[in-house]
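Down below is the structure, laid out as structure tokens.
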């Protein structure tokens with residue numbers, strides 16, 4: 001994440017709109033990114049303080065110094081800084097400070113010199129004086145050693161990531177954020193939960209959902225940055241969706257009136273978050289493949305879709321594994337497969353099903369779950385089908401016919 005002072009110069013106001021200025025991947029900036037990579041490589045095995053100093057020298061009096069710092073920040077975010085220390089700096093400092101006041105040279109009042117104190121500590125910890133000097137303040141950020149360059153990005157990738165950081169940085173000052181999404185719900189809500197974002201969900205008339213992100217301090221005009229940081233962290237998750245749009249109200253420090261910030265799926269921004277696999281288990285994958293093989297094709301009666309509907313609850317959502325939609329009358333049924341599980345998982349799942357109270361929801365339960373008799377009788381789902389090796393599609397479709405609405 002870039003600091004706010006590196007974000008603001010890259011923002012442009014157009015009426016009541018605010019637009020992040022994308023950095024072009026042209027010769028000039030690709031050259032800068034390439035030279036930054038070479039500088040970082042040259043300081044492998046050296047301290048972060050030394051690398052920072054080298055970057056400041058490279059920056060010099062360039063008018064692009066904020067951009068250079070932003071690109072360097074993106075590049076260094078992949079680097080690993082650490083120390084393989086023989087003794088903790090905290091323990092070492094405590095041992096040295098207990099020796100009392102020290103002087104550079106002996107005098108009548110003090111006979112303990114710094115050189116002597118270091119030598120005694122070296123003998124105590126069975127190290128050399130040089131190792132003591134290196135470890136004494138090694139826990140400070142600038143003293144940490146660059147031990148790995150991580151997954152070094154190409155120059156064009158550094159620029160692309162920089163543009164993402166600027167775009168998400170706009171949300172530092174967000175007072176509220178409204179999204180329209182039509183897919184990718186699983187990843188979206190995984191990250192909403194991860195970043196502890198308070199939200200409200202509204203189903204749209206045709207398809208998709210409106211999701212409003214808001215927080216406990218969002219009503220206060222001058223106190224939005226802490227929660228806005230969570231909005232900014234979350235933005236790459238939204239980019240994992242295919243059909244989406246986002247509108248946010250931005251309150252910049254120097255602006256009396258809030259500005260409007262809009263992004264949608266036409267953006268060139270790319271997420272660095274990892275997208276979940278299409279299926280969570282082999283059971284789900286096999287179920288989908290068998291359905292398409294037997295009941296797919298041009299004359300299909302029902303269309304199978306993966307995780308395309310949310311069941312909205314008070315403080316959470318449930319995303320059934322599949323939906324089946326009738327191709328003529330539009331009736332729908334939802335399917336949740338409960339396969340290999342542990343007791344806590346099953347308990348949470350059944351609680352969600354009870355709260356949902358959806359009679360168009362069909363549960364397919366793996367027989368080896370060894371669930372106590374009668375546990376599903378009060379589940380409040382449409383139907384519960386038990387299978388031994390795999391769900392029997394004929395039985396599933398019969399249940400769909402009975403439960404679809």
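The values are calculated or read from the model by the stated rules, or taken from the named source; none is laboratory data. Small disclaimer: the values here were computed from a predicted structure and weren't measured. A quick note on method: Cβ atoms are made from the backbone with ideal geometry, for glycine too, and the neighbour counts reach across all protein chains shown.
Numbers below:
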read-out	value
Counted residues, the range 314-325 - those being closer than 18 Å to residue 362 by Cα and either at pLDDT below 95 or part of a loop (DSSP other than H, G, I, E, B) (or both)	5
Only listed residue being under 29 Å from residue 8 (Cβ atoms) and without any contact (Cβ under 8 Å) to a residue 24 or more places away in the chain, chosen from 165, 133, 157, 178	157
Residue ID - surrounded by the most Cβ atoms within 10 Å (Cβ to Cβ), chosen from residues in the range 45-58 that are in contact (Cβ under 8 Å) with a residue 12 or more places away in the chain and part of a helix (DSSP H, G or I)	51
Any hit, the range 15-27, residues being more than 19 Å from residue 162 (Cα to Cα) and assigned to a helix (DSSP H, G or I)	no
Criterion (at pLDDT below 90, assigned by TED's automatic domain parsing to the domain that holds residue 344 and more than 35 Å from the chain's Cα centre (by Cα)) met by exactly one of 386, 365	386
Members of the range 4-28 that are touching a helix residue (DSSP H, G or I) at 6+ places or on another chain (Cβ under 6 Å) and closer than 12 Å to residue 67 by Cα	6, 7, 9, 10, 21, 22, 23
Subset of the range 93-115 that is surrounded by fewer than 11 Cβ atoms within 10 Å (Cβ to Cβ) and at pLDDT 80 or above - its residue that is nearest to the chain's Cα centre (by Cα)	94
